[in-house]
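The values are calculated or read from the model by the stated rules, or taken from the named source; none is laboratory data. Every value quoted in this text rests on a predicted model; they were computed, and no experiment measured them. Don't worry about glycine lacking a Cβ; one is built from the backbone with ideal geometry, like all the others, and counts go over all protein chains shown.
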Amino acid sequence: MRPSRSVGGALPESTVEFIRARFPLAVAPSVPEIRLHKAAPDSGLWRLAELDADFGAPYWAYDWGGGLALARHVLDHPGIVAGRRVLDLGAGSGVVAIAAARAGASEVTAADVDRYAIAAIRLNAAANGVAVRAHLGDLTGGPPPDVDLLLVGDLFYAEDLALRVGAFLGRCLEARIEILVADPWRSFLPRERLRLVAEYPGVDFAERAPVKGRTNAVFAFAAEA
């Protein structure tokens, strides 16, 4: 199957089918309750990049440590999300959003700026039999969303992004939205605003096995002292 070229907006159905067919469903590391379409050596990521100048980095096709930890934490503590409106910011594959839906959230939205991630979120939610609303766009420049809980995994890997996300989370906290952040202790974390909640062993982006002594942490985002 050959994916079609598309610029902006939704992906053509042929591209979605390409992802469905060439990115096999696999159990998420440390979250065996969830299966995700993930890149394999023969998935043909290069073909998507070759046909779409806006392809970007395929973060959605791989596991990230913070997202895995946050999904594990939500599944182990379903009371965090049960009956609540939840937003998974920078959702990537949608693993955190899927965990929230499985744990009983009343409404789940997964937001990402990459339309390939949006396609993956929809495919992964369907594969796991849960309802997740996928939102394409950058929410960090706008007002706080109308949700009860904000889940944020792996959005502090670059300084400019960390500053933008941190400012947005501050506005959300002022709007009385509860916020959980998860990350494998990257250097751009706003540590002065984070309270450690839990730590989980596990892989991070591009790793095949956990790194000895490193954990993926879950934090509560708090007001400035």
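Points to keep in mind about this one:
- Residues satisfying the stated conditions in the range 18-46, i.e. acidic (Asp, Glu) and either surrounded by 16 or more Cβ atoms within 10 Å (Cβ to Cβ) or farther than 18 Å from ALA125 by Cβ (or both): ASP42
- Looking at ALA61, ALA49, just one residue is hydrophobic (A, V, I, L, M, F, W, C) and surrounded by fewer than 18 Cβ atoms within 10 Å (Cβ to Cβ), and that residue is ALA49.
- Selection of first residues in the range 83-101 that are under 11 Å from ALA111 (Cα atoms) and of second residues that are of a type in the set (Ser, Thr, Tyr) and at pLDDT below 95, restricted to Cβ pairs under 9 Å at least 6 apart or on distinct chains, gives the following pairs, ordered by first then second residue: GLY90/TYR59; GLY92/TYR59; GLY92/TYR62; SER93/TYR59; SER93/TYR62.
- Verdict on PHE188 being under 23 Å from TRP60 (Cβ atoms) and hydrophobic (A, V, I, L, M, F, W, C): yes
- Residue in the range 125-133 that is free of Cβ contacts under 8 Å to residues at least 24 places away in the same chain and among the aliphatic types (A, V, I, L, M) present: yes
- Residue ID - farthest from the chain's Cα centre (by Cα), chosen from residues in the range 205-225 that are modelled with pLDDT of 85 or more and within 15 Å of GLY67 (Cβ to Cβ): THR215
This table checks each residue for (1) touching an Asp or Glu at 6+ places or on another chain (Cβ under 9 Å); (2) in contact (Cβ under 8 Å) with a residue 24 or more places away in the chain; (3) farther than 30 Å from TRP185 by Cβ; (4) among the acidic types (Asp, Glu).
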site	(1), (2), (3), (4)
LEU11	yes, yes, yes, no
PRO24	no, no, yes, no
TYR59	yes, yes, no, no
ILE80	yes, yes, no, no
VAL113	yes, yes, no, no
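- Scanning the range 34-47 for residues that are within 24 Å of LEU155 (Cα to Cα) and touching a residue at least 24 places away in the same chain (Cβ under 8 Å) turns up ILE34, ARG35, LEU36, HIS37, LYS38.
- On inspection, ARG20 qualifies as more than 15 Å from the chain's Cα centre (by Cα), among the charged types (D, E, K, R) and assigned to a helix (DSSP H, G or I).
- Every condition in (1) closer than 19 Å to ARG193 by Cβ; (2) in contact (Cβ under 8 Å) with a residue 24 or more places away in the chain; (3) not small (Gly, Ala, Ser) holds for ASP160 except the one numbered (2).
- Failed condition for LEU75, given (1) outside any helix (DSSP H, G or I); (2) in contact with an Asp or Glu (Cβ under 7 Å, 6 or more places away or on another chain); (3) within 14 Å of VAL108 (Cβ to Cβ): (1)
- When the strands (runs of 3 or more DSSP E) confined to the range 140-225 are screened for residues that are out of contact with any Asp or Glu (no Cβ under 8 Å at 6 or more places or on another chain) and under 24 Å from ASP76 (Cα atoms), those reaching at least 3 such residues are found at 178-183, 194-200.
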